[in-house]
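Working notes, beginning with the structure itself.
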Amino acid sequence: MDIVQEAMNRAGSMLGVRPDGVLSLKAALVVPCARRREDIMGFEFTLCLENGCYGFFDALPPHTGRTQPHPVRGPIGMRLMREVALDIGDAIDRFHESGGPYFSEIFLYWPLTAQCREPLWFFRSWGTNHVIIGAQSGESQHSIGYDL
């Protein structure tokens, strides 16, 4: 099961109703200059339900902890994600294949533009080079100075 499905299941069990989808997630890193999945403490999720948006944090093993979903303002300009083919470990591998040594931030969301046909992993690298990876296709592209 992918990270989006897992988030929907966990939030659904806490809220008593399954979310319609995930709008975004942001990695919480253990270190400022990360290289691997183990450097990620967990993710901050923004979920969409019929009555509004909710945010919650969920830790990745071996870390533990999660917060209860709480109402948040829904971001604009994003599509709902219900599943992704490229999970975080695979996305990090693609990031390194694209020449990225370290990352300081990771986001996953699906921009609401006609040109964007899939959810995207956004890696902000320690320098000025950022890598964007398709969460379904696994295709990567570099973006210099891209504002996440």
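The values are calculated or read from the model by the stated rules, or taken from the named source; none is laboratory data. Remember, predicted model here, so these are calculated numbers, not experimental data. Here the Cβ positions follow ideal geometry from the backbone for every residue, glycine too, while neighbour counts run over all protein chains shown.
Observations
- Test for Arg124: is it under 18 Å from Asp2 (Cβ atoms) and not small (Gly, Ala, Ser): no
- Residue check, Glu44 under 19 Å from Gln5 (Cβ atoms), of a type outside the set (A, V, I, L, M) and free of Cβ contacts under 8 Å to residues at least 24 places away in the same chain: yes
- Within the range 98-136, considering residues that are hydroxyl-bearing (Ser, Thr, Tyr) and at pLDDT below 95, the one nearest to Leu47 (Cα to Cα): Thr113
- Filtered by the rule that a residue be buried (at least 16 other Cβ atoms within 10 Å of the Cβ), farther than 17 Å from Val17 by Cα and out of contact with any strand residue (DSSP E or B) (no Cβ under 6 Å at 6 or more places or on another chain), the range 45-92 gives Val84, Leu86, Asp87, Ile88, Asp90, Ile92.
- Scanning the range 55-81 for residues that are aliphatic (A, V, I, L, M) and outside any loop (DSSP other than H, G, I, E, B), we see that the one that is nearest to Gln136 (Cα to Cα) is Met81.
- Unmet requirement for Arg10, which otherwise passes all of (1) surrounded by fewer than 16 Cβ atoms within 10 Å (Cβ to Cβ); (2) closer than 30 Å to Ser125 by Cβ; (3) of a type outside the set (S, T, N, Q): (1)
- So Val84, is it part of a loop (DSSP other than H, G, I, E, B), touching an Asp or Glu at 6+ places or on another chain (Cβ under 6 Å), aliphatic (A, V, I, L, M) and closer than 22 Å to Glu139 by Cα: yes
- Residues that are under 15 Å from the mean Cα position of the chain (by Cα), part of a loop (DSSP other than H, G, I, E, B) and of a type in the set (Ser, Thr, Tyr), drawn from the range 87-112: none
- Breaking point among (1) more than 17 Å from Asp20 (Cα to Cα); (2) surrounded by 16 or more Cβ atoms within 10 Å (Cβ to Cβ); (3) of a type outside the set (Phe, Trp, Tyr), for Gln141: (2)
- Here His130 meets the list (1) in contact with a Ser or Thr (Cβ under 6 Å, 6 or more places away or on another chain); (2) more than 18 Å from Arg37 (Cβ to Cβ); (3) part of a loop (DSSP other than H, G, I, E, B) almost entirely, failing just condition (3).
- Consider the range 100-136 and keep the residues that are without any contact (Cβ under 8 Å) to a residue 40 or more places away in the chain and among the small types (Gly, Ala, Ser). The one that is surrounded by the fewest Cβ atoms within 10 Å (Cβ to Cβ) is Ala114.
- Filtering the range 1-33 to residues that are of a type in the set (Gly, Ala, Ser) and either assigned to a helix (DSSP H, G or I) or at pLDDT 95 or above (or both) leaves Ala7, Ala11, Gly12, Ser13, Ser24, Ala27, Ala28.
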